[in-house]
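Notes to accompany the following structure.
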Amino acid sequence: MEIKKIGVIGAGQMGNGIAHVCALSGYDVRLNDVSLERIESGLATINGNMSRQVKSGRISDAERDTALARIQIAESLEAFEDVDLVIESAAEDEAIKRQIFDEVCKIVRPEALLGSNTSSLSITRLAAATDRPEQFIGIHFMNPVPVMELVELIRGIATSEETFESTRICVETLGKSIAVAEDFPAFIVNRLLLPMINEAIYTLYEGVGSVKAIDKAMKLGANHPMGPLELADFIGLDTCLSIMQVLYEGLADSKYRPCPLLVKYVEAGWLGRKTQRGFYDYRGEEPVPTR
């Protein structure tokens, strides 16, 4: 199946990035979220990010303007009735995703493909909640989408070869590299990354090092571009906790137990950059450790 029109559900950090790269690559995009305000906020972010690409010489003014014109506001899922592929990028909550796909299946064409940008949840289980499990696939972009090169493609047990090939071709036209992952909790990247972040939080929790010391140690000692606690704030501590819970419950191994300090931060609503406080406080000119 040739993909020309893509519907993106979720205009937040990941969703607007997906819409951004799809539009720049020539696809017509319909962008949906729970409110017009959130869609418009997502479009403003896309405009700002594309403007930065123009300034850096990566794209031209004309390319930016053409790409922005390809993105249409979809206040309702009814706007998805003629799309070829739906990419869901809602909160990392299985119940929410199931509800979204239940509504989407009533609207899209029978031949339309369904993709989820889930970073940890079972593709097989999500697919089973739809009317087309053979046309369902995991398409996990990395954050920030316009910058990061990798996309994980994950087949569910029922995903057809035709669905996989159509999606693979589409993702490659976005200029992305693909890693094929099996449908196990958190796939490849987050199966490795999130336990490291969780262990960094345990290191803080047990008093082995301060926020600054832990991040400095991994940046200078392991040549990481960003320290694990800084990275956790960037990802969102609620997302980190969700992924660790999926790993802990899905693999039944105590090594994946979420650190109690991570749970406490999420309960406090200190979710990282998006709430201005996490392991760092971002409300001033420079981020300041909160512990």
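So the values come out like this:
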read-out	value
In sequence order, calculated HN-Hα J values of segment 96-113 (Karplus, 6.51, -1.76, 1.60; Hz; x Gly/Pro)	5, 5, 4, 5, 4, 5, 4, 6, 4, 4, 6, 10, 6, 5, x, 8, 5, 8
With Cα atoms, 0 to 90° folded angle of helix 161-173 axis to the chain main axis	70 degrees
Backbone HN-Hα couplings from phi across segment 146-151 [Karplus 6.51/-1.76/1.60, Hz, Gly and Pro as x]	x, 9, 7, 7, 8, 10
Residue with peak Gaussian network fluctuation, the chain [Cα springs, cutoff 10 Å], from Ile214, Ile201, Ile39	Ile214
Theoretical FRET efficiency, 1/(1+(r/R0)^6), r = Cβ-Cβ of Gln72 and Gln276, R0 41 Å, to 0.05	0.85
The chain: angle of helix 36-55 to the longest principal axis, Cα-based, in degrees nearest 10	80 degrees
Two-site label geometry, His224 and Glu161: point separation in nm, points 7 Å out along Cα→Cβ	4.1 nm
Value of relative contact order over segment 1-156, rounded to a whole percent, pairs C-alpha under 8 Å and six or more apart	24 percent
Potential extension, Ala62-Lys106 segment - 0.36 nm per residue separation minus Cα distance	12.1 nm
Unit charges on C-beta of K, R, D, E only; dipole of segment 5-181, Debye	460 debye
Residue-averaged 222 nm ellipticity for the chain, from DSSP H runs of 4+ at -39500 (n - 2.57), nearest 500	-14000 deg cm²/dmol
Calculated over segment 2-47: convex hull of Cα atoms, volume per residue (Å³)	59 Å³
Amide H within-cut-off set for Arg30, under 5 Å, with H built and near neighbours excluded	Ile6, Gly7, Val8, Gln72
Nearest 10 degrees, 0 to 90: helix 211-221 Cα axis against the chain principal axis	70 degrees
Over the chain, relative contact order from alpha-carbon pairs under 8 Å, at least 6 apart, %	13 percent
Efficiency of FRET between Ser254 and Leu192 - r from beta-carbon atoms, R0 22 angstrom, step 0.05	0.80
Built amide H within the under 5 Å cut-off of Asp281, gap 5+	Val288, Thr290
DSSP beta bridge pairing in the chain, given as percent antiparallel to the nearest 5	25 percent
Links that overshoot a 29 Å alpha carbon limit, given the list Lys106/Lys176; Lys216/Lys274; Lys5/Lys176; Lys5/Lys219; Lys55/Lys216; Lys55/Lys176	Lys106/Lys176; Lys5/Lys219; Lys55/Lys216
Long-range amide H partners of Ala179 with built H, under 5 Å	Val151, Glu152, Leu153
Karplus-derived 3J(HN,Hα), 6.51/-1.76/1.60, for each residue of segment 196-208, Hz, glycine and proline x	5, 5, 4, 5, 5, 5, 4, 4, 6, 4, 8, x, 5
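Each reported figure results from applying straightforward, stated rules to the coordinates on display, with no laboratory input. Note that the coordinates shown come from a computational prediction; the quantities given were computed from them, not determined experimentally. Methodologically, a virtual Cβ is constructed for each residue, glycine included, from the backbone with ideal geometry; neighbour enumeration extends over all protein chains shown.
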